[in-house]
Amino acid sequence: MAIERTLSIIKPDAVAKNVIGQIYTRFEQAGLKIVAAKMTQLSREQAEGFYAAHKERGFFKDLVDFMVSGPVMIQALEGENAVLKHRDLMGATDPKKAEKGTIRADFADSIDANAVHGSDAVEAAQVEIAYFFPEVK
Ligand code: GDP
Ligand code: MG
């Protein structure tokens, strides 16, 4: 299996719940290494640019409003099969549909405030990591 990198964001709801450490523990226990990390509050411009693929969707404004509503914790994770492994840890986008024991089932409140972001493919991960960590090679 290939060693991959993926981009993870702990969203404002989960940062406010003080569960960064619990989420990091899940990454570590799954064999995902944190290779870059920063806490920041996104500007609207940064959030809109990051989610540009969703620009035409009805939920875009709500998504951007939420992502700028408080600090986020952003990290690049590395490990075997990291993209899918991380998506499995996250659970489904809608926490009501997320499997028991996933991050979203345990920490998310709604499809808007759904605790975490994770890249959905290796190519997307490369773009997303470069977006927030241009210095990381
Ligand atoms: P993800 O990859 O599982 O995060 O899901 P998507 O890439 O499809 O969507 C990005 C984010 O937009 C999700 O994490 C949700 O916070 C939000 N989102 C997606 N679909 C919906 C929706 O139907 N309604 C609302 N309100 N938000 C949504
Ligand atoms: Mg997505």
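Remind me, relative contact order of the chain in percent, using alpha carbon pairs under 8 angstrom and six or more residues apart?
Numbers: 238 pairs, mean separation 52.2, N = 137.
After rounding, I find 38 percent.
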Which whole-Hz couplings ³J(HN,Hα) result when phi for each residue of the range 58-68 is put into the Karplus expression 6.51 cos²θ - 1.76 cosθ + 1.60, θ = phi - 60°, listed in order with x for Gly and Pro? x, 8, 4, 5, 4, 4, 5, 3, 5, 5, 9
Long-range amide H partners of Glu4, meaning residues 5 or more apart or on another chain whose placed amide H is closer than 5 Å, are Gly79, Glu80, Asn81, Ala82
Once both labels are modelled 7 Å past Cα along the beta-carbon direction, what's the Ile111-Ser69 spacing in nm? 1.6 nm
Under the Karplus relation 6.51 cos²θ - 1.76 cosθ + 1.60, θ = phi - 60°, what is the ordered set of whole-Hz ³J(HN,Hα) values for the range 73-88, x standing for Gly and Pro? 10, 10, 9, 9, 10, 10, x, 5, 6, 4, 5, 6, 4, 5, 4, 5
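Quick one: order Lys38, Lys137 by neighbouring beta-carbon count within 10 Å, fewest to most. Intermediate values should be presented prior to the final figure.
Working: Lys38 11, Lys137 5.
Ranking Lys38, Lys137 by Cβ neighbours within 10 Å, fewest first, gives Lys137, Lys38.
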Which of the aspartates and glutamates could a cross-linker bridge to Lys11, judged by Cα under 16 Å and excluding same-chain residues fewer than eight apart? Glu48, Asp62, Asp65, Asp94, Asp106, Asp109, Asp112, Glu128
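Taken together, the values in this text are just the output of simple stated rules run on the coordinates, not laboratory data. Only a predicted model underlies this, so the values are computations on that prediction, with no experimental measurement involved. Note that each Cβ is placed from the backbone with ideal geometry, even for glycine, and that neighbours are counted across all protein chains shown.
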